[in-house]
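Undergrad: Could you have a look at this structure, given as structure tokens, before my questions?
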């Protein structure tokens, strides 16, 4: 009888801890919602399965459309992890080399003969960050041709010699998206579909176009005059392309990052190269120790949306937090989540 009681207690304690953990996580997001500090969603994956999901606030306030697990959000620069993965796949297939010069595709760009694919992947090209262009806030709202985008890149020049420094630059990943299109003969949308969405069986991930249109897509808000005001100006996704055009859900971003570190998308050798952050940035991601654990990931910000995708390969855990309205730091919110999740 004592043995039976002991077995019951041993099996019951983890269940109690899990319930307490979920309650504590729920409290974080319910507080954010009731205090009007943020709206959005979070997902946590462990060993390839979703162990926690929470949506808070509204996808569309005017329509009283509450955020749910399948609500889609613009994930901004988290897109760069997807683009880097695609480029690495092309390298693995022998269709591209890590040291191929940019001049093989765009010889008119400054320093094109000295800038390599690796420089672009690791933000070491020295090219001017096109989103800092003086007229960016105007032209980003309109459809952009490749010719017009390349023209701006030529005009803005460079800020340092290739490989001599590391500086985050959206120009690099717009170019990588173009290069993938040239090699495959497909649009960036079709490339993402074939190389990431289909293999991972993602159902709610796609390359955006202009403003959110379907009821499943969240619209964004900013805090003004003690209320959430709708954002009306949206980037035409032909501008950011491989640097920030993907739309997804927190769960499906986790499916992607899990697929990344478990070898479903690239080889282990390539993964090690991708996550080498010794120069300050990896390929399409950053990395640093968090709570004594090695973490990798990327954050994104576009049109009033913010996103933060982080994964811990040794713990086989992925977390993605997205927001379509925020008056609090997503990094601070994520730290609260980490402290609750990993203390149990």
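What follows is calculated from the coordinates using simple rules that are stated; it is not laboratory data. Not measured: the values here are computed from a predicted model. Heads up, the Cβs are rebuilt from the backbone with ideal geometry, glycines too, and the neighbour counts pull from every protein chain shown.
Undergrad: How do 78, 147 line up, fewest other C-beta atoms within 10 Å first?
TA: Going from least to most buried by this count: 147, 78.
Undergrad: Exposure proxy check: 228, 223 ranked by fewest other beta carbons within 10 Å?
TA: With the fewest neighbours first, 228, 223 line up as 223, 228.
Undergrad: How many angstrom lie between the Cα centre of region 177-195 and the Cα centre of region 115-163?
TA: When both Cα centres are located, 19 Å separates them.
Undergrad: If one takes the longest principal axis of the Cα atoms in the chain, at what angle in degrees, from 0 to 90 and to the nearest 10, does the Cα axis of helix 2-34 lie?
TA: Roughly 50 degrees between the two axes.
Undergrad: Another question about this same structure. Just one of (1) 1.59; (2) 1.05; (3) 1.00 is Rg/Rh (Cα atoms, Kirkwood Rh) calculated from these coordinates, so which is it?
TA: So the structure-derived entry is (3).
Undergrad: Additional query: As I understand it, the value is the acute angle between the Cα axis of helix 146-156 and the longest principal axis of the Cα atoms of the chain; what does it come to in degrees, rounded to 10?
TA: Helix 146-156 and the main axis of the chain meet at about 80 degrees.
Undergrad: Now, a different point. What whole-number distance in Å separates the alpha-carbon centres of region 266-319 and region 210-241?
TA: A separation of 26 Å, based on Cα centres.
Undergrad: Give me 121, 330 ranked fewest to most by other Cβ atoms within 10 Å of their Cβ, as a rough exposure proxy.
TA: Arranged by neighbour count, lowest to highest, 121, 330 become 330, 121.
Undergrad: Please determine, in degrees from 0 to 90 and to the nearest 10, the orientation of helix 330-343 with respect to the longest principal axis defined by the Cα atoms of the chain, where the helix direction is its Cα long axis.
TA: 40
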